[in-house]
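Just below is one structure, and these are the notes that go with it.
The values are calculated or read from the model by the stated rules, or taken from the named source; none is laboratory data. Bear in mind that the values here come from a model prediction, so they are computed numbers and not experimental data. Cβ coordinates were reconstructed from backbone atoms using ideal geometry, including for glycine residues, and neighbour counts include every protein chain displayed.
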Amino acid sequence: MHTTDKDFSYNLGNYQATVENALADLRKNKIIERIWAHDHTVWKPEPTEITNRLGWLHSPELMIDSIAEINAFVDKVRRDGFTHALLLGMGGSSLAPEVYRFTFGLRRGEPADRPYLDLAVLDSTDPGAVLAHDRRVDPAKTLYIVSTKSGGTVETFSFFKYFYNRVMYELGTQKAGAHFVAITDPGSGLQETAKKYNFRKTFLNDPNIGGRYSALSYFGVVPAALVGFDLNILLKRALMMADSCKDGNTQLDAENSAACLGVIMGEMAEAGRDKITIIASPAISSFGAWAEQLIAESTGKEGKGILPVDGENILAPSEYAQDRFFVYLRLDGDSRHDEKINALIDAGHPVVQLAIHNVYDLGAEFFRWEIATIIAGRRLGINPFDQPNVESAKVLARNMVAAYQKNGKLPELAPTLRSNGITVYADELSRNASEALKSFLARAGRGHEHGAKRSYVTLQAYVKPGKEINAALHALRTKIKTSWRLATTVGYGPRFLHSTGQLHKGDAGNGLFIQFTADMPEDAAIPDKAGEEKSSISFGVLKMAQALGDRQALLDAGRRVIRFDLGKDVVGALKQLVEAGL
């Protein structure tokens with residue numbers, strides 16, 4: 001492979017000359033210098049949702065100045081006997097903390113009787129998921145982190161109201177507030193809520209940072225400290241990367257690897273290789289989900305987009321069409337994917353390899369991918385900081401909730417098939433569920449010879465997350481990929497609405513969307529107000545309203561959608577589809 005530096009290597013085959021020309025264009029137009037000057041004309045002639053979204057460029061240095069405050073907070077929480085933390089958030093507020101937790105694990109700390117916190121993330125409105133977290137932790141020893149930039153995210157506030165009541169009933173009103181922490185923007189509704197309910201602490205983030213670019217701000221760094229990350233090391237790695245990203249000498253063999261990655265992403269997309277497939281060492285595999293939301297929400301708009309593909313099995317090169325571009329994040333000492341990566345290179349697939357020395361390098365990776373994504377956005381001619389299609393699903397979900405509150409039930413769809421415990425909602429009739437799925441997949445666009453306009457398949461699971469369901473969804477995506485040679489993605493709803501949902505409705509329209517719903521054996525009421533019992537809606541109703549709203553938003557955008565209600569046996573129903581002849 002060619003090498004830019006010891007941590008960044010690439011093999012671009014026939015695309016290298018195109019990439020070098022694009023890098024020359026960055027130098028000629030002083031794009032790097034203009035980015036750091038907050039020049040909105042890098043992307044659009046108007047500054048709207050650009051000039052007020054570039055604060056993250058300075059996050060590493062600003063957060064270094066906040067380390068003492070954050071560490072003092074964490075030390076006090078540990079001294080007070082907290083052992084668990086539950087982060088209540090969606091999208092950019094939740095995915096970076098999840099990366100920190102999954103990569104760092106549990107750290108005992110010193111003294112031994114004051115461990116760092118066991119952090120979990122709740123970003124599902126499935127009532128089973130909410131109740132599972134409720135039953136898993138002791139409210140007396142749990143810190144609840146309410147995390148939302150806008151301060152009005154419906155899922156996050158629903159979580160807060162539920163868990164505030166739970167803690168209040170357990171410990172009393174006077175003690176409840178000390179179990180809650182807010183991370184939000186100044187002047188948000190959450191800031192006022194935190195004051196009203198006497199939260200232990202409120203971290204006010206730089207308002208000029210969008211959610212998906214917030215991994216190195218309070219939204220990501222406070223949870224990182226709670227699980228035991230040394231913020232000095234983490235942020236200094238990020239700062240080193242930020243310094244290298246200021247280098248305007250954008251050449252393949254220069255220091256600014258983030259600019260190189262961004263140019264490669266953009267040029268691959270323009271050449272029809274618009275599905276960036278992320279392969280990572282298992283110990284850092286959770287990074288892929290964070291990168292997925294960053295890339296999808298930033299680039300999927302105005303009829304364009306780069307589809308991030310995370311979590312697929314690595315297959316033989318012949319199993320992939322010409323719409324793929326691969327990025328391999330390799331942790332030092334882990335060679336398990338090397339042979340398969342080399343096979344992809346030998347077959348002529350473009351591959352970039354990033355060397356990760358240890359988990360603290362994630363600080364640098366967050367920044368590298370943020371820079372790369374905005375540079376790719378420039379190549380596509382879009383604004384990487386807005387999300388024009390996200391609101392459509394939210395509006396339709398609110399309409400569904402309003403219909404429920406008026407009529408006592410959600411709008412009902414007419415099924416086209418009921419078979420073996422599966423109910424199908426499609427626009428054509430089939431004899432059984434497997435035939436319905438096969439007929440739907442047959443609509444896939446094969447694309448041009450060089451890969452452009454080739455379809456992809458997205459599995460949208462509005463079900464309770466779990467290991468068995470993860471495995472069943474993975475088996476189904478693998479079956480689809482091998483049978484049809486199509487890129488596949490998987491997302492739990494409504495989590496994906498705050499990440500890939502923008503791309504689904506804003507890209508070129510090549511996606512095939514398979515929506516899964518299921519029975520909810522348990523439900524949980526959402527209090528109308530924290531501290532009060534009255535409830536006019538449950539988590540089950542909210543989740544179903546979001547599923548129906550997203551389905552309609554996709555149809556309104558001209559997308560192809562099929563829905564399978566899996567009934568009582570979600571895993572069994574998914575296995576039926578896996579075993580079908582596709």
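A compact table of results
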| read-out | value |
| --- | --- |
| Test for residue 545: is it among the small types (Gly, Ala, Ser), in the same structural domain as residue 463 (by TED's automatic domain parsing) and farther than 30 Å from residue 275 by Cβ | yes |
| Filtered residues of the range 244-271 (kept if part of a helix (DSSP H, G or I) and among the small types (Gly, Ala, Ser)) | 244, 257, 258, 259, 262, 266, 269 |
| Residue count, the range 549-570 (criterion: of a type in the set (A, V, I, L, M), crowded, with 16+ Cβ neighbours inside 10 Å and either in a strand (DSSP E or B) or over 22 Å from the mean Cα position of the chain (by Cα) (or both)) | 4 |
| Unique match (being closer than 30 Å to residue 579 by Cβ and surrounded by 14 or more Cβ atoms within 10 Å (Cβ to Cβ)) among 418, 477, 378, 431 | 477 |
| Enumeration of residues in the range 480-524 that are under 16 Å from residue 557 (Cβ atoms) and of a type in the set (Asp, Glu) | 507 |
| Of the criteria (1) among the hydrophobic types (A, V, I, L, M, F, W, C); (2) outside any helix (DSSP H, G or I); (3) farther than 30 Å from residue 386 by Cβ, which one residue 72 fails | (2) |
| Counted residues, the range 345-364 - those being in a helix (DSSP H, G or I) and buried (at least 23 other Cβ atoms within 10 Å of the Cβ) | 4 |
| Some residue of the range 233-243 being among the β-branched types (Val, Ile, Thr), in a helix (DSSP H, G or I) and either crowded, with 20+ Cβ neighbours inside 10 Å or touching a residue at least 12 places away in the same chain (Cβ under 8 Å) (or both) | yes |
| Test: residue in the range 63-80 that is small (Gly, Ala, Ser) and touching a Leu at 6+ places or on another chain (Cβ under 8 Å) | no |
| Residue 312 part of a helix (DSSP H, G or I) and at pLDDT 95 or above | no |
| The lone exception for residue 477 - which of (1) among the charged types (D, E, K, R); (2) more than 28 Å from residue 122 (Cβ to Cβ); (3) in a helix (DSSP H, G or I); (4) under 27 Å from the mean Cα position of the chain (by Cα) it fails | (2) |
| Residue 430 being part of a helix (DSSP H, G or I), among the polar types (S, T, N, Q), more than 20 Å from residue 274 (Cβ to Cβ) and in contact (Cβ under 8 Å) with a residue 12 or more places away in the chain | no |
| Residue check, residue 549 on the phi > 0 side of the Ramachandran plot and in contact (Cβ under 8 Å) with a residue 60 or more places away in the chain | no |
| Filter result (polar (S, T, N, Q) and assigned to a helix (DSSP H, G or I)) within the range 383-425 | 392, 399, 405, 407 |
| Filter pass, residue 463 being within 20 Å of residue 543 (Cβ to Cβ), aliphatic (A, V, I, L, M) and under 14 Å from the mean Cα position of the chain (by Cα) | no |
| Unique match (being buried (at least 23 other Cβ atoms within 10 Å of the Cβ), of a type in the set (A, V, I, L, M) and farther than 26 Å from residue 105 by Cα) among 294, 307 | 307 |
| Residue match in the range 272-282 (condition: within 20 Å of residue 18 (Cβ to Cβ), part of a loop (DSSP other than H, G, I, E, B) and among the hydroxyl-bearing types (Ser, Thr, Tyr)) | no |
| Residue within the range 453-460 that is surrounded by 15 or more Cβ atoms within 10 Å (Cβ to Cβ) and part of a helix (DSSP H, G or I) present | no |
| Residues located in the range 251-271, provided they are of a type in the set (Gly, Ala, Ser) and either under 12 Å from residue 307 (Cβ atoms) or touching a strand residue (DSSP E or B) at 6+ places or on another chain (Cβ under 6 Å) (or both) | 257, 269 |
| Residue, surrounded by the fewest Cβ atoms within 10 Å (Cβ to Cβ), within the range 272-291, restricted to residues that are touching a Phe, Trp or Tyr at 6+ places or on another chain (Cβ under 7 Å) and over 23 Å from residue 379 (Cα atoms) | 286 |
| Residues that are part of a helix (DSSP H, G or I) and either in contact with a Lys or Arg (Cβ under 9 Å, 6 or more places away or on another chain) or small (Gly, Ala, Ser) (or both), drawn from the range 433-452 | 433, 434, 436, 439, 440 |
| Top-ranked residue of the range 80-92 - restricted to ones that are of a type in the set (Gly, Ala, Ser) and closer than 14 Å to residue 120 by Cβ, ranked as surrounded by the most Cβ atoms within 10 Å (Cβ to Cβ) | 89 |
| Residue 278 being among the β-branched types (Val, Ile, Thr) and under 25 Å from residue 101 (Cα atoms) | yes |
